[in-house]
Amino acid sequence: MAKKVAVLAVNPVNGAGLFQYLEAFFENEIPYKTFAVADAAQIRTNSGVSLQADDVVANLKGKEDEYDALVFACGDAMPKFGENAGKPFNQDMLAVIKAFDDKGKLLAGHCAAALLFDNLGIGMGKRVALHPFIQSAVKGCIGTDEKAVVEGNIYTAQTENAIPSLLPELLKALK
């Protein structure tokens, strides 16, 4: 039986990245649920398309055992995180990501995902793919120039354009 995935979608989310994950999960019959990293489930893409997530991240907190994997769908993650760092939904997002790692569950994401993992102390000494603009910001992880990297329970892609390089390994782990 396929593993169940929780998908975190920041607001605004990169639609090109999010939809690649969701389409791959749908086509491969991998159950998933989307969680808005926001106060409400109604979010939008970077290009302004309105989306309705299944729920909000606050309602995922404490329910990590119901899922086998967590996918972080990036967007304007770092600038928005900076603007909203103290807001409960951002604190919930960080707690959820950390809880998934503490339980040894699969973590996946693109762009700034590896930076968030790094800031939470996840993946220390592990190779990660991350956006070229933030490569110098990681401290504990080992940033690479590779499009996609799988190391242990961490699956990362450099940008939304590199997600197709990550998906075959991610899908194999989820089936």
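Worth pointing out:
- For the range 30-86 and the range 131-171, distance of Cα centres in Å: 19
- Distance histogram in 5 Å bins (all Cα pairs of the range 1-52, percent per bin): 5, 21, 30, 22, 14, 6, 1, 0
- The GluC sites (Glu not before Pro) of the range 1-38 that meet both conditions, a loop assignment by DSSP and at most 11 other Cβ atoms within 10 Å of the site Cβ, are Glu29.
- Cβ-based exposure ranking for Ile163, Ile154, Ile134, in which fewest neighbours within 10 Å come first: Ile134, Ile154, Ile163
- Relative contact order [Cα under 8 Å, 6+ residues apart], the range 1-139, whole percent: 25
- The convex hull built on the alpha-carbon positions of the range 100-162 has an orientation-averaged projected area of 3.5 nm².
- The GNM of the chain, with springs linking C-alpha atoms under 10 angstrom apart, assigns the highest mean-square fluctuation among Pro79, Pro31, Pro132 to Pro79.
- Each of Val149, Val138 was scored by other Cβ atoms within 10 Å of its Cβ. Listed from fewest to most, they are Val138, Val149.
- Proximal charge balance of Gln20 [Cβ under 15 Å; K/R count +1, D/E count -1]: -3
- Cysteines not pairable in the chain (beta carbon separation under 4.7 Å absent): Cys141
- Max mean-square fluctuation residue, GNM over the chain, Cα-Cα springs under 10 Å, options Leu116, Leu51, Leu106: Leu51
- Taking a ≥ b ≥ c as the square roots of the eigenvalues of the Cα gyration tensor, the range 26-93 is classed as oblate, since a/c reaches at least 1.5 and a/b does not exceed b/c.
- DSSP beta bridges in the chain [antiparallel fraction, %, rounded to 5]: 25
- For the range 92-175, averaging the sequence separation of C-alpha pairs within contact (under 8 Å, six or more residues apart) and dividing by the residue count gives a relative contact order of 27 percent.
- The range 20-175 - charge dipole about Cα centre, Lys and Arg +1 at Cβ, Asp and Glu -1, debye rounded to 20: 280
- Sequence of Phe100, Phe81 once ranked by neighbouring C-beta atoms within 10 Å, starting from the fewest: Phe81, Phe100
- Paramagnetic reach from Asp102 (point 7 Å along Cα→Cβ, amide N under 13 Å) across the range 23-66: 61-65
- Once the C-beta distance of Met1 and Asp54 is scaled by a Förster radius of 22 Å, the resulting FRET efficiency is 0.65 to the nearest 0.05.
Each reported figure results from applying straightforward, stated rules to the coordinates on display, with no laboratory input. Please read these numbers as outputs of a predicted model, since none were measured by experiment. No Cβ is skipped: glycine too gets one built from the backbone with ideal geometry, and neighbour counts run over all protein chains shown.
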